[in-house]
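Undergrad: Please see the structure below; I have some questions.
The values are calculated or read from the model by the stated rules, or taken from the named source; none is laboratory data. All of these numbers come straight from a predicted model, not from anything done at the bench. Backbone-built Cβ (ideal geometry, glycine too); neighbour counts: all protein chains shown. Calculation scope for accessible area: heavy atoms of the full protein, side chains included, ligands and nucleic acids excluded. Shrake-Rupley method; radii C 1.70, N 1.55, O 1.52, S 1.80 Å.
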Amino acid sequence: IAKEVAKLLEMKAQLGEDEGKHKFVLKTPKGTRDYGPKQMAIRERAFNAIISSFKRHGAEVIDTPVFELKETLTGKYGEDSKLIYDLKDQGGELLSLRYDLTVPFARYLAMNKITNMKRYHVAKVYRRDNPAMTRGRYREFYQCDFDIAGQFDPMIPDAECLKIVHEILSDLQLGDFVIKVNDRRILDGMFAVCGVPDSKFRTICSSVDKLDKVPWEEVRSEMVGEKGLSPEAADRIGEYVQLHGGLDLIERLLQDPKLSQNKLAKEGLGDMKLLFEYLTLFGITGKICFDLSLARGLDYYTGVIFEAVLLHQENEHVEEPVSVGSVAGGGRYDGLVGMFDPKGRKVPCVGVSIGIERIFSILEQRLEASEEKIRTTETQVLVASAQKKLLEERLKLISELWDAGIKAEMLYKKNPKLLNQLQYCEDTGIPLVAIVGEQELKDGVVKLRIVATREEVNVRRENLVEEIRIRTNQC
């Protein structure tokens, strides 16, 4: 029997090897995707708009490792901590992939004893989520963060962060949007006056945070059923979290008999009033909404929190615009750096994170619908020849252009047909063709053809670079 078993196992092993050859699965891991040249071109546009806004506001750029010590990340994200990717212990360190760019930034500040910085950081982060990729949610995705660290007068940096969100969303022309703002202190004060025990603040907070996705009834039953909150307390919370408005609502809540007695809530409302005054000066209050249901589930927020949401009209007959999800979020986190500092020194921080993936999926859908042709290269000119045996001349000319910083291409054939060369320009959107021919070489000129109009002009070789620059700016 042993002999037969050994024989069968050997046969199975051989079969297994063969199977492996045929059954190679070609796919990206769950929750990830490839970006082809077309998608990358759209993506670059979005990144450029975001980064130029960050730079306009005086931010420096930093980068941090893609993984951190596991202990750096634990305990900073509340209920979301279960989504952290842990790596195998290699070399005696327990590591995790970064979950966001905020905690690494706080670690960086504490480690380098920096107490004052305005920085931006664009990089990939990782979440062990079950993602809805159609809505731009992934396990690996980019975040674009802008943060102001330092001790400043209240609400000035916070107002600037909101101005940046407004700037970027207007610049990207994504359609109508609203930026919801709230304050953790108002939330905590509200929980206290509604009778939520201290120990349940954070967990009730993450329930409230679901209000933009599910109706109040569901949130209420989660609070009472799963989280053990008394029905009375839940109903009191319900009266507040369904309120939203502007300065008038802040004034009203400052007069609220219960809230105005709570020190935290009063502080938060006072700062919120100040914030709205600054936002009025920036001229952006039309897009800002004070919303008591905004909670943002992360544990590290301590003050103002905000979230930008895109709206779209289903059709003209709908009064209420429908939300298509959050595209930016952030807030104030004054205690995070202190968690890393051996002496517990605090560095107040406020920051915003732009959700590039969701923005990108909207831009992608829009471009598909518009059928606009997207260029995937930036080539300004194709170096071409009209006759045979001119490869050396093309190589000489293209080298001159490259050395002068001109983006140029040529076809990799010794004797390409002129028609094929012109067709290549049509296909890839190259605006100009520099044609070398025997007569042109004798005369010391290059024939420059404008692809769109088919107009041709002779340009002296020494003036070619300047002419290409002028023409490219016009195209």
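Undergrad: Got a sec to turn the phi values of region 301-312 into Karplus ³J(HN,Hα) couplings, 6.51 cos²θ - 1.76 cosθ + 1.60 with θ = phi - 60°, whole Hz, x for Gly and Pro?
TA: Here the 3J(HN,Hα) series is 6, 10, x, 4, 10, 8, 8, 9, 10, 7, 10, 9 Hz.
Undergrad: Which residues' amide hydrogens lie under 5 Å from the amide hydrogen of Cys289, considering only partners 5 or more residues apart or on another chain, with H built in the peptide plane?
TA: Under 5 Å from the amide H of Cys289 lie the amide H atoms of Ile179, Lys180, Val181, each far enough along the sequence or on another chain.
Undergrad: Ignoring ligands, DNA and RNA, how do Val445, Val5 rank by accessible area with a 1.4 Å probe, largest first? Show your work: numbers first, answer last.
TA: Working: Val445 20, Val5 70 Å².
If we order Val445, Val5 from most to least accessible, we get Val5, Val445.
Undergrad: Still on this structure: Using only helices, what value at 222 nm comes out for the chain when you add -39,500 (n - 2.57) per DSSP H run of length 4 or more and divide by the total residues, to the nearest 500 deg cm²/dmol? Kindly include the intermediate steps, with their values, before the conclusion.
TA: Working: 17 runs with 195 residues, N = 475.
Calculated mean residue ellipticity at 222 nm is -12500 deg cm²/dmol.
Undergrad: Related question: With the full set of protein chains in place, find how many percent of the accessible area of the chain is carbon and sulfur; take the probe as 1.4 Å.
TA: On the way: 13120 of 25230 Å².
C and S atoms contribute 52 percent here.
Undergrad: Hey, what did region 381-472 get for relative contact order, percent, Cα under 8 Å, at least 6 apart?
TA: On the way: 137 pairs, mean separation 26.8, N = 92.
The normalised contact order for region 381-472 reaches 29 percent.
Undergrad: Using Cα positions and a limit of under 12 Å, work out the aspartates and glutamates in reach of Lys70, with same-chain residues fewer than 8 apart set aside.
TA: List returned: Asp86, Asp89, Glu93.
Undergrad: Follow-up question, since we're still on this one. Quick check: the angle from helix 356-370's long axis to the longest principal axis of the chain, C-alpha only, nearest 10 degrees?
TA: So the inclination is approximately 50 degrees.
Undergrad: Would you kindly derive the ³J(HN,Hα) couplings of region 435-446 from the backbone phi angles with the Karplus curve 6.51 cos²θ - 1.76 cosθ + 1.60 (θ = phi - 60°), listing them in order in whole Hz, with x for Gly and Pro?
TA: Values per residue, Gly and Pro as x: 9, 9, x, 4, 5, 4, 4, 4, 7, x, 10, 10 Hz.
Undergrad: If you rank Arg184, Arg252, Arg236 by how much accessible surface each has, with a 1.4 Å probe, what is the order from largest down? Each step should come with its number before you reach the end.
TA: Working: Arg184 5, Arg252 145, Arg236 90 Å².
Sorted by accessible area, descending: Arg252, Arg236, Arg184.
Undergrad: Right, another one. Can you bin region 153-212 into rounded, prolate or oblate? Criterion: square roots of the alpha carbon gyration tensor eigenvalues sorted a ≥ b ≥ c, rounded for a/c under 1.5, prolate for a/b above b/c, oblate for the rest. Please report the intermediate quantities before stating the final value.
TA: Values: a/c = 4.04, a/b = 1.91, b/c = 2.12.
Oblate is the answer for region 153-212, as a/c is 1.5 or above yet b/c matches or exceeds a/b.
Undergrad: Let me ask another. Principal axis extents for region 328-418, Cα atoms only, whole Å, descending order, please.
TA: Cα spread of region 328-418 along its principal axes, largest to smallest: 75, 39, 17 Å.
Undergrad: Any idea how far apart Leu441 and Arg345 come out in nm if each label point goes 7 Å out from Cα toward Cβ?
TA: According to this spin-label approximation, the distance is 7.0 nm.
Undergrad: Something else about it: Amide H to amide H under 5 Å from Gly325: which residues, 5+ apart in sequence or cross-chain, H placed 1.01 Å off N in plane?
TA: Distant-sequence amide H within range of Gly325: Leu310.
Undergrad: Under 28 Å Cα to Cα from Lys266, which lysines show up? Leave out anything in the same chain fewer than 8 places away.
TA: Excluding near neighbours in sequence, the set is Lys76, Lys163, Lys180, Lys200, Lys210, Lys227, Lys258, Lys287, Lys346.
Undergrad: Using protein chains only and a probe of 1.4 angstrom, how many square angstrom of Tyr120 are accessible, to the nearest 10?
TA: Surface open to solvent at Tyr120 totals about 20 Å².
Undergrad: Report relative contact order for the chain in percent, whole number only (criteria: Cα-Cα under 8 Å, sequence separation at least 6). Walk me through the numbers before you get to the answer.
TA: Working: 765 pairs, mean separation 70.2, N = 475.
Averaging sequence separation for qualifying contacts and normalising by length gives 15 percent for the chain.
Undergrad: Can I ask one more? Rounded if a/c is under 1.5, else prolate if a/b beats b/c, else oblate: with a ≥ b ≥ c from the C-alpha gyration tensor eigenvalues square-rooted, which is region 381-472? Before the final figure, lay out the partial values.
TA: Working: a/c = 1.27, a/b = 1.03, b/c = 1.24.
It is rounded, given that a/c, with a ≥ b ≥ c, falls under 1.5.
Undergrad: So, one more: Per residue, how large is the accessible surface of the chain? Use a 1.4 angstrom probe and give square angstrom.
TA: Values: 25230 Å² over 475 residues.
Result: 53 Å² of accessible area for each residue.
Undergrad: Cross-chain or 8 or more residues apart, Cα under 13 Å: how many lysine pairs in region 381-472 fit that? Count them up, please.
TA: On the way: Lys388/Lys413; Lys388/Lys414; Lys388/Lys417; Lys389/Lys413; Lys389/Lys414; Lys389/Lys417.
Going through region 381-472 pair by pair, I get 6.
Undergrad: Let me know the shape class of region 1-125, please: from the alpha-carbon gyration tensor, a ≥ b ≥ c as square roots of the eigenvalues, rounded when a/c is under 1.5, otherwise prolate if a/b is greater than b/c, or oblate. Mind dumping the intermediate values first?
TA: Values: a/c = 4.17, a/b = 1.90, b/c = 2.20.
The shape class here is oblate.
Undergrad: For a quick check of understanding: with a 1.4 angstrom probe and all protein chains in place, what accessible area in square angstrom does Thr280 have, to the nearest ten?
TA: 80
Undergrad: With only Lys, Arg, Asp and Glu charged, each at its Cβ (+1 for the first two, -1 for the last two), find how big the charge dipole of region 381-472 is about the Cα centre; round to the nearest 20 debye. Let's see the in-between values first.
TA: On the way: 16 positive and 15 negative charges, 57 e Å.
Here region 381-472 has a charge dipole of around 280 debye.
Undergrad: How much length is gained on full extension from Lys227 to Tyr35, taking 0.36 nm per residue of separation minus their Cα-Cα distance? Kindly include the intermediate steps, with their values, before the conclusion.
TA: Numbers: separation 192, 0.36 × 192 = 69.12 nm, distance 4.17 nm.
Result for the pair: 65.0 nm of gain on full extension.
Undergrad: Hey, another quick one. Tell me the accessible surface of Leu281 in square angstrom (1.4 angstrom probe, heavy atoms of protein chains only), to the nearest ten.
TA: Taking all protein chains as shown, Leu281 has close to 140 Å².
Undergrad: Would you please give the residues with an amide H less than 5 Å from that of Val436, counting only those at least 5 places away or on a separate chain, with H modeled from the backbone geometry?
TA: Ala384, Ser385, Ala386
Undergrad: Tell me, what HN-Hα J-couplings in whole Hz come from the Karplus equation 6.51 cos²θ - 1.76 cosθ + 1.60 at θ = phi - 60° for each residue of region 70-75, using x for Gly and Pro?
TA: Per-residue couplings from phi come out as 4, 5, 5, 8, 5, x Hz.
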